[in-house]
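Accompanying notes for the structure given below.
The values are calculated or read from the model by the stated rules, or taken from the named source; none is laboratory data. Note that the structure is a prediction, hence the values are computed from the model and not measured. Because the Cβ atoms are built from the backbone with ideal geometry, glycine has one as well, and the counts that use them run over all protein chains shown. SASA here: full protein model, heavy atoms, side chains in, ligands and nucleic acids out. Shrake-Rupley method; radii C 1.70, N 1.55, O 1.52, S 1.80 Å.
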Amino acid sequence: MMSSAPPPEPPAGAGDDDMESLPLAAASDYASVASTFDPLLSSASNYASVASPRSPPAHAAYTLSPTSSSSFVDPPSYADATGAGAGSSSPRSASSPSSASPRSARAAASEYALLAVSDPETEAEPAATSLVPGSAPTYVSYLVTSVRRGDPAQRRHAVRRRFRDFVTLADRLAEAFRGYFVPPRPDKNTVESQVMQKDEFVAQRRAALERYLWRLAEHPAIGPSDELRVFLQAEGKMPLPGSTDVASRMLDGAARLPRQLIAGEEAVAAPQDVVQPAKGGRDLLRIFKELKQSVVTDWGGVKPPLVEEDREFLAKKEKLHEWEQQLTGASQQAEALVKAQQDMGETMGALGLAFVRLTKLETEEAMYDSQMIRAADSRRVATAAVKASRACRDLNAQTVKYLDTLHEHLSIMLSVHTAFSDRASALLTVQTLMSDLASLQSRIEKLEAASSKIFGGDRARIRKVEELRETIRATEDAKFCALREYERIKENNRSELQRQDRERKEDILVMLKGFVTSQAAYAEKIVGGWETVAEETSGYSRGTNNMPSYMD
């Protein structure tokens with residue numbers, strides 16, 4: 001392991017070869033300098049020692065490639081550094097995080113002491129057949145390891161999961177936790193998988209899946225859920241839910257639609273179906289009814305029988321919309337800041353290298369002591385520039401680490417929109433059922449009025465009235481279940497908004513403190529280096545009459 005001490009400043013008479021290699025430090029040397037420049041990383045080595053052996057050190061904000069063609073270590077783009085990079089690892093990949101941030105506190109309070117996604121393997125599809133040998137479809141599976149915090153035996157559960165299993169988990173959580181801010185799963189990224197190198201893409205996906213599991217575990221409702229526990233502990237392949245394909249659901253619904261319209265088969269949605277959104281089922285008739293209700297309400301100007309009357313929720317929803325807009329702007333400015341700091345580090349490094357070459361030229365052609373002294377002063381400037389370049393790069397990593405909070409909360413807004421959409425969908429279901437009840441009641445009144453005009457009554461109309469009354473009873477049951485689901489989603493929204501407000505305040509405060517502290521610490525370090533050079537070369541700032549004797 002490389003020492004964390006910075007490279008020593010070369011003496012005035014150091015060899016040209018040593019001076020030429022000064023800014024060409026290896027990537028590992030560059031990474032080790034961070035502990036010297038940043039007082040905030042004093043415990044990083046202890047934290048890294050407990051990290052997953054298959055994960056990179058948790059305190060590293062990005063991967064340092066020793067094979068880079070650049071003379072200096074080139075940090076990745078901001079998008080890579082904020083979590084998409086191949087070497088990025090979840091700050092929660094260790095079993096006992098040492099950071100005191102609110103996020104680490106939430107991880108420590110979760111149901112799981114360890115969650116790790118590692119050991120990617122390429123496997124062939126079970127029933128894959130191909131005319132060309134070796135070209136059968138394949139997929140990548142990952143080893144998902146977990147340890148429950150409350151388990152006295154601290155048993156490790158290790159299961160194999162592919163990306164499709166994570167998609168299945170996300171779909172089940174979306175159905176079971178409507179109204180909650182369910183953390184979004186990583187995207188499929190089909191285009192990136194074709195453009196990027198396979199190993200790099202797999203490493204990025206592994207890190208993203210691990211962060212996704214930790215976010216689920218930290219959620220107060222999802223963390224202890226059976227859905228997550230089964231995913232983490234059930235041996236074998238994950239069973240897919242019945243007919244998860246959208247096309248198969250639509251075909252099934254199209255086949256049932258004529259029977260519903262002509263024969264009245266299952267014209268009323270079952271109570272267990274109305275608690276799920278219409279677009280997720282096979283009932284096209286219900287989809288059409290809710291679409292009609294939405295059009296009548298939005299475009300027809302007809303007031304629905306039930307409206308959203310929670311003014312506090314509507315006000316928070318509007319504030320969240322404004323917060324998202326401001327957060328997007330702050331995120332863009334954070335990206336610009338990181339790019340500027342990266343350019344500053346590269347420019348300062350190039351300046352140091354230029355002074356190194358200038359020093360080498362001065363030394364080779366030196367004929368007088370004054371030339372050797374000037375070469376030594378140039379060497380000091382080169383060393384300070386190289387140190388400042390490394391400090392800028394380390395500062396950039398710290399900036400990414402803290403300002404990544406902006407991206408985290410921006411990604412949460414996708415979950416917020418989904419939860420609000422669940423609420424609107426549930427309200428639309430209730431409105432549709434209430435409109436159906438009003439329509440059924442109106443039909444009964446018309447049939448009874450027509451039947452009363454016939455002496456002895458119209459048996460056909462009377463029988464139809466009884467059928468409609470039975471339909472009303474079924475619709476009432478469905479409305480009761482839909483209304484209860486709507487109230488449950490409203491309560492979930494309320495509790496989640498409170499939780500998000502609390503966590504947002506904690507995270508933003510920690511972000512600001514960490515960002516300001518790191519900026520001040522690195523600025524002080526860089527200024528200190530240049531002040532030292534200014535003192536050592538102070539002779540140049542004096543007047544001509546006060547120049548030292550060696551300059552005469």
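Annotations
- Any hit, the stretch 217-237, residues being open to solvent by 40 Å² or more (accessible area, probe 1.4 Å), at pLDDT below 90 and more than 23 Å from residue 148 (Cα to Cα): no
- Yes/no for residue 452 being over 31 Å from the mean Cα position of the chain (by Cα) and not aliphatic (A, V, I, L, M): yes
- In the stretch 385-434, the qualifying residues are those that are small (Gly, Ala, Ser) and open to solvent by less than 10 Å² (accessible area, probe 1.4 Å), and the one that is nearest to residue 537 (Cα to Cα) is 385.
- Any hit, the stretch 150-158, residues being assigned by the TED database to the domain that holds residue 224, part of a loop (DSSP other than H, G, I, E, B) and crowded, with 19+ Cβ neighbours inside 10 Å: no
- One residue from 461, 443, 390 being in a helix (DSSP H, G or I) and in contact with a Ser or Thr (Cβ under 6 Å, 6 or more places away or on another chain): 461
- Residue in the stretch 308-361 that is nearest to residue 486 (Cα to Cα), counting only those that are assigned to a loop (DSSP other than H, G, I, E, B) and in contact (Cβ under 8 Å) with a residue 12 or more places away in the chain: 308
- Applying the criterion of being open to solvent by 20 Å² or more (accessible area, probe 1.4 Å) and of a type in the set (A, V, I, L, M) to the residues of the stretch 354-384, the residue that is nearest to residue 531 (Cα to Cα) is 381.
- Residues within the stretch 363-381 that are within 17 Å of residue 353 (Cβ to Cβ) and at pLDDT below 80, tallied: 0
- Residue within the stretch 182-196 that is closer than 25 Å to residue 277 by Cα and aliphatic (A, V, I, L, M) present: yes
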